[in-house]
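Contents: one structure, followed by commentary.
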Amino acid sequence: MRGADVAVTLIGGQTCGKPYAFLPTPNCGTTYFAIQYRGINSKGFGDYSDGFAPTCQVADDFSRELGDPQEAQLAAALHYRAHGSCPAPQARQGAQAAPPPAMLPVRPEGSEISIYTPPQ
């Protein structure tokens, strides 16, 4: 939207850019997904490989439920909407953010892919 002259307010952290497209290309039983082109909009904008910097840098707040007006990012967005500016950094931190939940594998460990290397 920024590249199409639309004002965008980003609350949170740096985004990850991905202006590239991949098409599956089979080759001898293996399918490759090589970068084949970079997407651009009608104004010629497509230079966001490094993502976009936030308007208001606010860390994730795992201590509150999504939708809670006191959750750090939502509170910052509501403040920005009401006042047109980012809240002061100490006001954005809120309660100390809880550590993110432990990541668990989606599939059982026995189903993980491994590469067999024969003994030499």
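The values are calculated or read from the model by the stated rules, or taken from the named source; none is laboratory data. The structure presented is a predicted model; accordingly, all values stated were derived computationally and were not measured. Here Cβ is always computed from backbone atoms with ideal geometry, including for glycine, and neighbour counts include all displayed protein chains.
For this structure, a couple of remarks:
- First in segment 70-89 and farther than 17 Å from residue 14 by Cβ, second anywhere and part of a helix (DSSP H, G or I) and of a type outside the set (Phe, Trp, Tyr), Cβ under 9 Å, 6 or more apart: 75/91; 75/92; 79/91; 79/92; 85/79; 87/75; 87/76; 87/79
- Verdict on residue 63 being hydroxyl-bearing (Ser, Thr, Tyr) and at pLDDT 85 or above: yes
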